[in-house]
Amino acid sequence: MRKNGRRKLAKINNRKKAVIICVEAILILIIIFCFTKIVVWATCSMVESDKNSKLNEEVVKIYREDRSDNVDIYEEKEEEEEAKTTYIDFDKLEEINNDIVGWIIIDGTNINYPILQTSNNDFYLHNNYMKEYSQSGSIFLDYRCDLFNDKATVIYGHNMTDGKMFHELTKIYNHELGDSVKIEIYTKEKDYIFNVISTFMIMPDEFSLECNFKDLVNRSIYNFEFGNVDENRIVALYTCNITADKRIIVYGALCNK
């Protein structure tokens, strides 16, 4: 009887050990699988980031090498008001992609990108200016906006962990650029300077194309020095926060010359 009992107990223990070994093996396989996925994802992200950086370098080359023969956009004289101040060759940009409608630059950041617009807000969320799939997407204008002919113009961009696209809007949100910040936007027809008037964070469902100048200024987390601006010509730069559960918005108003 005792021997039988010991045999049964040994069988039970062996079964338990077998189950434990199986569970451990499954857990190890899951860990290996997850680790492999992370490595593949990280590698792909690095490769894509490098590719996007090179693509942006290529499109930035369309700048004229010598900017000295252009009228200073900040000190334009009255008799030169009609002079074309842009230093970007939009004809060449249109040959690359006729969805390119402008260019945005913010000094003190690495934001220096073409602005695209198509018939929806989905395509350029995950495609670059060459119309190739990209996690970084593009900087793009809301399809409902008529570029700077509407009271509010909305421009979107991802907050990429590699620091690209609209990531460095966080410098404005964190007040790293101070109280006076300019947003330069160039189009084929005209150049625009917007002074930052406000920045704050919202939930995704809070955003609206409608905006009121005084409300924006009052809601800002900082008091920006924006000077003489057109309260009826607003640009909104829109990106997500680092956890992607909220949205950071930087608002600018057109600078009156």
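D for the range 141-223, whole µm²/s, Stokes-Einstein with Kirkwood Rh over alpha-carbon pairs at 4 °C and 1.567 mPa s: what number? Intermediate results must be reported in sequence, preceding the final value.
Numbers: Rh = 14.4 Å.
Stokes-Einstein gives a translational diffusion coefficient of 90 µm²/s.
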The range 90-255: relative contact order in percent, alpha carbon pairs under 8 Å with at least 6 residues between | 21 percent
How large is Rg over Rh for the range 100-257, taking Rg from the Cα atoms and Rh as the Kirkwood inverse mean of 1/r across Cα pairs?
-> 0.93
Take the alpha-carbon centre of the range 110-139, take the same for the range 191-257, and report the distance between them in whole Å.
-> 21 Å
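Sort the following peptides by mean Cβ neighbour count (other Cβ atoms within 10 Å, averaged over residues), highest first: 108-120, 201-213. Walk me through the numbers before you get to the answer.
On the way: 108-120: 18.3, 201-213: 11.8.
Order by mean packing, descending: 108-120, 201-213.
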Which order results if L27, L254 are arranged by neighbouring Cβ count within 10 Å, fewest first?
-> L27, L254
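Every read-out reported here was derived from the displayed coordinates using simple, explicitly stated rules and does not represent laboratory data. Just so you know, these numbers come straight off a predicted model, no measurement behind them. Neighbour counts are summed over all protein chains in view; Cβ atoms, including those assigned to glycine, are modelled from backbone coordinates with ideal geometry.
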